[in-house]
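Just below is one structure, and these are the notes that go with it.
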Amino acid sequence: MLKNRSLIDPNDFTREEFREIFDLGHQIIADPAKYSKSCEGKILATLFYEPSTRTRLSFETAMLRLGGQVIGFSEAASSSTAKGESIADTLRTVECYADIAAMRHPKEGAPRLASHYIHMPLINAGDGGHQHPTQTLTDILTIERLRGSVENKTYGFCGDLKFGRTVHSLVKFLSNYEGVRFIFISPEELRVPEYIREEVVRKKGIPFQEVDQMEPYMGELDFLYMTRVQRERFFNEEDYIRLKDRFILDKAKMAYARPDTYILHPLPRVNEISTEVDDDPRAQYFQQAKNGMYVRMALILKLLGIY
Amino acid sequence: MLEITSIEKGIVIDHITAGYGIQVFNYLNLDKADYNVALICNAYSQKMGKKDIIKINNVIDINYDFLGLIDPNATVNIIEEGKTIKKVKLEVPERVENIIRCKNPRCVTSVEHYFPHVFHLVDKEKRSYRCEYCDDIVIPYPVK
């Protein structure tokens, strides 16, 4: 039963509960009009303490397409945070107005903290370099639509794996499925955090490699998940400049990939995927963004207990 | 040889890993005690080689989670009329609250200060803990 639950971390729901969300997501894609009035009278609050295009618009569009309404703010400066209000107080106030909330915050663990102070469902829309579970829902729905299921596949993750919250959430999620294998491609400084490598991947006995080259491994991958090196996560600009262009996926590197290797990216992209790759049918990142809206529609419906 | 007399009524924390005695001493605020307290560092131990011991000539509240976190092999002896009337067995705590503080500058605990710092046990052997909020893993008191 997902009604009134919060999604803060990919381990908050069971496989069966996620299955309910994905099944509903596929049904919405097949017949979106059927759900266009499902959330009439309901309000979603989008509390974005950090800039976002896709995630915020995707949540807001999802609610509007369900017939609901949206309130919120898109930067901390335009909320009472600028006056020094605590996260707990802001959330307790918002709970007076909204039925469900999606929250993004630059500090890791902020949505978990907030969830301790409210009773309405709360969705983590990204917390610092930590987790981004609804991007994972987006990724999984996309993987299922392209290849049927997530099991028995090799996933390559490339770029900033240290601060890449989408990677952390997706790895955590995929680690619950059989036959998965990971290849982590990154500079040494941007490898996956210890809690992911040791407590998730190694503890579950999942085969993985940590490498610093892309080409030799392209042919092994079912999916290549590219990520941006995020300027906003670095305390030191020099480190960012040194690492930002380390891996760029272009046509030449795509030649090493199999015909059925799909390229995913949570977006926004800067230059880690050359625009010349966009027309390649294996590049699925814009379709991925569209799927994000549908799966967020499914999540909202489930957490509100409407479906 | 240094001699510390036995106590009549109070607590003896024995078999503390050498080097951690001072941390237990400070955590229990024993520097502010107005009763007799002894901190013995690097005492000879047949089993451990060397150990720290704290003798407290008073009955005080002890946070056993904290002691278990520092050293689950330490022993707490409750003394009355010069005799041990109870030995408390310590365990590595599964969850600790407001004992360890998260040092990750990106963690929400670095900017919001009205809620407890909570850590969950990850590995009993290594005595590693995970921050409830940011998942950062720490080993606050490494096994020596």
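A single member of B:N42, B:N26, B:N57 is more than 22 Å from B:V92 (Cβ to Cβ) and exposed (fewer than 14 other Cβ atoms within 10 Å of the Cβ), and it is B:N42.
Residues in region B:93-137 that are more than 10 Å from chain A (Cβ to nearest Cβ), aliphatic (A, V, I, L, M) and open to solvent by 20 Å² or more (accessible area, probe 1.4 Å): B:I99, B:L121. Being modelled with pLDDT of 95 or more and more than 12 Å from the chain's Cα centre (by Cα) is a condition met by at least one residue of region A:121-138. Just one of the numbered conditions (1) part of a helix (DSSP H, G or I); (2) within 24 Å of the chain's Cα centre (by Cα) is not true of A:N271: (1). Residues that are within 14 Å of chain A (Cβ to nearest Cβ), surrounded by fewer than 17 Cβ atoms within 10 Å (Cβ to Cβ) and not small (G, A, S) are absent from region B:66-89 altogether. If you go through region B:3-60 and keep only what is in a strand (DSSP E or B), without any contact (Cβ under 8 Å) to a residue 40 or more places away in the chain and closer than 18 Å to B:V143 by Cα, you end up with B:C41, B:N42, B:S45, B:G49, B:K50, B:K51, B:D52.
Looking only at residues that are without any contact (Cβ under 8 Å) to a residue 12 or more places away in the chain and in a loop (DSSP other than H, G, I, E, B) in region A:200-228, which one is surrounded by the most Cβ atoms within 10 Å (Cβ to Cβ)? This residue is A:K203. For region A:63-111, a residue qualifies if it is open to solvent by 50 Å² or more (accessible area, probe 1.4 Å), within 14 Å of chain B (Cβ to nearest Cβ) and under 16 Å from A:S52 (Cβ atoms), and exactly one does: A:P106.
Each row is one residue, and each column tells you yes or no for (1) crowded, with 23+ Cβ neighbours inside 10 Å; (2) touching a residue at least 40 places away in the same chain (Cβ under 8 Å).
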| position | (1), (2) |
| --- | --- |
| A:L113 | yes, no |
| A:H116 | no, no |
| A:G126 | yes, yes |
| A:H130 | yes, no |
| A:T136 | yes, yes |
| A:G148 | no, no |
| A:T166 | yes, yes |
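At least 1 residues being in the same structural domain as A:F223 (by TED's automatic domain parsing) is the threshold, and among the strands (runs of 3 or more DSSP E) wholly inside region A:107-185 those reaching it are A:154-158, A:181-185. Residue-level analysis places B:R95 outside the set of residues that are within 23 Å of A:P10 (Cα to Cα) and without any contact (Cβ under 8 Å) to a residue 12 or more places away in the chain. A:K37 satisfies every condition listed in (1) within 26 Å of A:V167 (Cα to Cα); (2) open to solvent by 70 Å² or more (accessible area, probe 1.4 Å); (3) assigned to a loop (DSSP other than H, G, I, E, B) except (1). Within region A:44-56, none of the residues are within 14 Å of another protein chain (Cβ to nearest Cβ), part of a helix (DSSP H, G or I) and in contact with a helix residue (DSSP H, G or I) (Cβ under 9 Å, 6 or more places away or on another chain). All of (1) touching a strand residue (DSSP E or B) at 6+ places or on another chain (Cβ under 8 Å); (2) under 24 Å from A:L190 (Cβ atoms); (3) at pLDDT 95 or above hold for A:S52 with one exception: (3).
The values are calculated or read from the model by the stated rules, or taken from the named source; none is laboratory data. The model shown is predicted, which means the values in this text are computed figures rather than measured ones. Glycine gets a Cβ as well: all are built from the backbone with ideal geometry, and neighbour counts include every protein chain shown. For the accessible areas, the whole protein counts, side chains as well, though only heavy atoms, and no ligand, DNA or RNA atoms are used. Shrake-Rupley method; radii C 1.70, N 1.55, O 1.52, S 1.80 Å.
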